[in-house]
Each structure stands twice: as C-alpha cells, then as structure tokens.
Amino acid sequence: MKMTDIIKKDLRVVLRDRVALIFIFLMPIVLITILSFALGGMFDSGGVTIDRVRIAVVDNTAPDETLALSRAAGKDGAFDAGSLSLYAVLDSDEVSQFLSYTVTDEQTARTQLENGEIDAVVTIPKGFVSGMTGVMTGAGKGGLHIDVMRAKDRSLQAGIAAGIVRAYTDTLSDLSADMSILLDTALKGGIAPEALGRLDFRSFMEGLSHKDSISMDMRGIKARKALGSFSYYSIAITCMFVLYAAGQGSSFLLTESQENTLPRLRAAGVSVKKLLLGKSVAVFCLCMIQLIVLLGLSTLAFGLDWGDPLVFVLISVCVAVSITGLGVLLMVLMYRTGNPAVGSVFQSVIAQVFALFGGSFLPLSILPAFFSTAALFTPNGLAVMAYTGSVSGAPLSEILPYLGGSVLMGIALYFLGLKLFPKERRA
C-alpha cells in the first residue's frame with residue numbers, strides 16, 4: 001500500500017464526517033463572532049492598548065572611555081560626541097513620546113524585569129565607547145553591539161526597545177564603514193596623514209550621524225497595527241480549534257486496528273515509521289486545511305489583513321508541524337491503550353487547558369505573567385504569539401523564536417509517539 005493511499009483514506013474519513021466538519025469549521029466561526037463582539041470592550045479604539053515602553057539601561061562603560069571619545073571628537077569641539085550616544089536617541093522627542101528609561105545597575109535591572117516593572121534591560125558593554133572612538137577615527141572594525149534582555153510576557157514592548165537599539169547600532173556600523181572609506185580615499189589620493197586633521201570632519205560626521213535608519217525604524221514601530229477584537233479572536237479561536245485536528249487524528253491507528261486493516265498493512269511490509277509518517281501527513285494536511293479555511297473566512301467576513309503572505313504561510317506550516325506531532329502522540333497512546341476515551345479526554349479537558357494558558361479566551365497581555373510563560377509550552381500559545389506578531393507588523397526576527405519552538409515541539413512529540421509505539425503486533 002502506498003503512503004498516499006494511507007493519507008487519502010484518513011482524510012476522506014474526516015472530511016466525510018459531518019459532525020467533525022461542523023465542529024472544526026463552523027464552531028470556530030461562531031465563537032470568533034461571539035467573543036469579538038462580547039469582549040470588544042477590552043480593545044481600545046480597535047486595538048489592544050499598548051502601554052508606554054519602560055526600559056532600564058545598565059551602563060558598563062568607564063569614564064575614561066567617554067574622555068577618549070571626547071578627545072576623538074576634537075579639542076575645539078568641532079563635533080558633539082554626545083550626539084552619537086544611545087542616550088541622545090532615547091532622549092529625542094520622537095522616542096521619548098512612547099519610551100522612558102532609567103539608568104541602574106545590573107542586579108536592580110534584572111529584579112525589575114522579573115517583577116514586571118520594566119519591559120527590557122539594555123546593557124551597554126564595557127568597551128562600547130572605545131568602539132565609538134574607532135568610528136570617529138575610521139578605525140572601527142565590525143558592528144557595535146548592545147545587549148537587550150526582554151520580558152517574555154511583553155514581547156511587543158520589548159520588541160520596540162530592541163528595534164530602537166538595533167537601529168542605533170546599525171547606524172553606528174554604517175558610520176564606521178563610511179569613515180573608513182573617506183580616510184582610505186583621502187590617503188590613496190595623496191593626502192598626507194598629518195593633513196587629515198585639517199579636513200572638515202564636522203560637516204561629514206554631522207551628515208552621517210543624521211542618517212534616516214533610526215527615524216525610519218521609529219516610523220516602522222509606530223506603524224505597527226494594534227489588534228482589534230475580530231483580529232485577535234480570529235487568531236486565538238482558530239489556534240484553539242486547530243488542536244482538534246490532532247484530536248481527530250488520534251483515532252486513525254485504533255480505527256485501522258478495529259477494522260482489521262492494520263494487521264494486513266503490517267503483514268504487507270508497511271513499517272511502523274512509514275505508517276506513522278503517512279498518518280502524520282494526513283494530520284498535517286487536515287491542520288493546513290483548517291487554518292486556511294478559518295483564517296480565510298475571517299478575512300472575507302471581517303476584512304482582516306494578515307500581513308506578508310509568505311510569513312503567514314510560514315507560520316501556518318510551523319503551527320501545523322506542532323499539531324501534527326501532538327496528533328501522532330495521541331494516536332499512539334490511543335492505540336496502545338485500545339481506549340477511544342483518550343481522544344475524548346484530550347478534546348474535552350486538555351485542549352481546554354491549552355486554550356486557557358495559550359491566550360485563546362483572553363489576551364495574554366491582560367493576564368498574569370505566568371500565563372505568557374506557560375503559553376510558550378503549548379502549541380496554540382506559540383501559534384497565537386506568532387500570528388499576532390505578524391498581523392501587528394513585527395519583523396520576522398521577533399516571530400522566528402515562536403516558529404522554532406513550534407517545529408521543535410512537533411518533532412519532539414512525533415519521535416515520542418514513535419518511541420511509544422508497541423513493538424508487538426496487535427491482533
């Protein structure tokens with residue numbers, strides 16, 4: 001028997017079951033509509049309210065580094081070295097409108113982060129200002145790096161802080177490259193090294209230091225869309241009901257056994273790995289169909305915008321992988337016990353617990369921090385975080401950890417199911 005035959009058979013069983021179709025397609029649409037209208041009051045002006053970003057700055061630079069930077073800027077003060085500092089960006093009118101910071105020590109900053117008092121800790125490492133001196137002289141090598149430690153339960157605010165810091169360091173790196181080009185060109189053009197000090201560095205540096213990268217990043221941050229109730233619950237309820245794709249797939253093996261087709265498959269030389277792979281592909285396809293149908297209907301009914309289509313497809317594939325792994329584990333457990341109640345317990349109890357901690361009922365942003373941490377260990381929680389990040393306009397780099405977590409979870413659950421598969425043949 002070909003693997004494609006196994007896949008087609010399992011999909012036909014589910015797609016011909018009217019009760020299953022109503023449960024995995026119609027019920028989510030009804031719940032999305034009800035919750036979106038009933039709980040829309042939690043969403044301010046069509047979106048989730050984003051609090052002011054709060055960060056702590058741990059400055060490990062030494063006073064002598066700052067002195068060296070000032071000397072590099074020129075004794076006559078031809079260029080304001082302070083305009084290159086991170087504080088100049090944080091204190092700017094544009095950034096200070098939505099971000100506030102305090103300078104503190106590392107231990108205090110970590111405590112504030114753990115207590116939820118701040119959204120991120122920005123650590124300026126020792127030697128950073130010396131690196132900026134290299135920028136001033138054109139001798140800088142490589143990128144300048146500042147560490148950002150994020151709060152897990154406030155990913156959007158922490159992402160904004162990280163975006164600002166990244167834009168700042170990228171600008172400095174570009175500045176260093178431009179200065180190196182200027183100096184190399186001057187030396188190759190026959191200008192003596194001692195004559196470089198008489199060049200008009202002030203105009204050049206000021207022009208470079210006003211690059212658009214930071215302001216463009218600020219515009220990108222401000223352009224992030226707030227999620228309305230329909231957007232949020234279209235994602236949250238879909239990610240809850242996609243769990244039931246795993247529940248539907250949990251009966252695949254036991255049904256084969258009860259219909260006496262499984263022994264024949266095994267006798268025909270179909271290996272355990274091939275059998276489970278075929279069943280897992282069926283679960284994966286069912287999950288992808290469910291995601292496309294539910295989120296597609298939400299788009300048509302509510303006019304929702306899911307952002308970059310390629311990112312949307314990537315997220316959906318990773319979510320389907322995690323659900324597939326869960327489905328394989330459930331079908332092996334049901335097959336081992338010979339008890340259909342395994343699937344019923346999952347759908348009526350475990351899936352509801354996942355939904356609660358994964359943010360399917362209430363947004364994680366208004367729940368205690370523990371829920372956001374727990375959501376990282378649920379397939380639907382990772383899915384909600386990835387989809388909401390994409391819809392709100394977060395860059396792919398912020399979404400990738402959730403996608404990686406989904407894939408790793410799916411692979412781990414799949415191999416756990418393979419490990420638990422009985423070695424003896426069931427009659």
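The values are calculated or read from the model by the stated rules, or taken from the named source; none is laboratory data. No experiment lies behind these values; they were computed from the predicted model shown. Neighbour counts are summed over all protein chains in view; Cβ atoms, including those assigned to glycine, are modelled from backbone coordinates with ideal geometry.
Quick notes on this one:
- Any hit, the stretch 335-350, residues being surrounded by 21 or more Cβ atoms within 10 Å (Cβ to Cβ) and under 21 Å from I399 (Cα atoms): no
- For the stretch 357-391, filtered to residues that are among the hydroxyl-bearing types (S, T, Y) and assigned to a loop (DSSP other than H, G, I, E, B), the residue that is farthest from I292 (Cα to Cα) is T378.
- Every residue from the stretch 1-54 that is at pLDDT 75 or above and polar (S, T, N, Q): T33
- Hits in the stretch 228-256 (condition: crowded, with 24+ Cβ neighbours inside 10 Å and not in a helix (DSSP H, G or I)): V242, S250
- Among the numbered conditions (1) farther than 19 Å from Y244 by Cβ; (2) buried (at least 18 other Cβ atoms within 10 Å of the Cβ), the only one that G404 does not meet is (2).
- Of all the residues in the stretch 90-101, those that are closer than 25 Å to S372 by Cα and either surrounded by fewer than 19 Cβ atoms within 10 Å (Cβ to Cβ) or among the hydroxyl-bearing types (S, T, Y) (or both) number 3.
- Residue in the stretch 298-309 that is among the small types (G, A, S) and closer than 18 Å to S251 by Cβ present: no
- First in the stretch 376-390 and on the phi > 0 side of the Ramachandran plot and of a type in the set (D, E), second anywhere and part of a helix (DSSP H, G or I) and buried (at least 24 other Cβ atoms within 10 Å of the Cβ), Cβ under 7 Å, 6 or more apart: none
- A394 falls short on exactly one of the conditions (1) assigned to a loop (DSSP other than H, G, I, E, B); (2) small (G, A, S); (3) under 18 Å from F241 (Cβ atoms), and that condition is (3).
- Only a single criterion out of (1) over 30 Å from Q258 (Cα atoms); (2) buried (at least 22 other Cβ atoms within 10 Å of the Cβ) is not satisfied by L362, namely (2).
- Annotation: of all residues in the stretch 68-115 being in contact with a helix residue (DSSP H, G or I) (Cβ under 8 Å, 6 or more places away or on another chain), outside any helix (DSSP H, G or I) and modelled with pLDDT of 80 or more, the one that is nearest to I366 (Cα to Cα) is L99.
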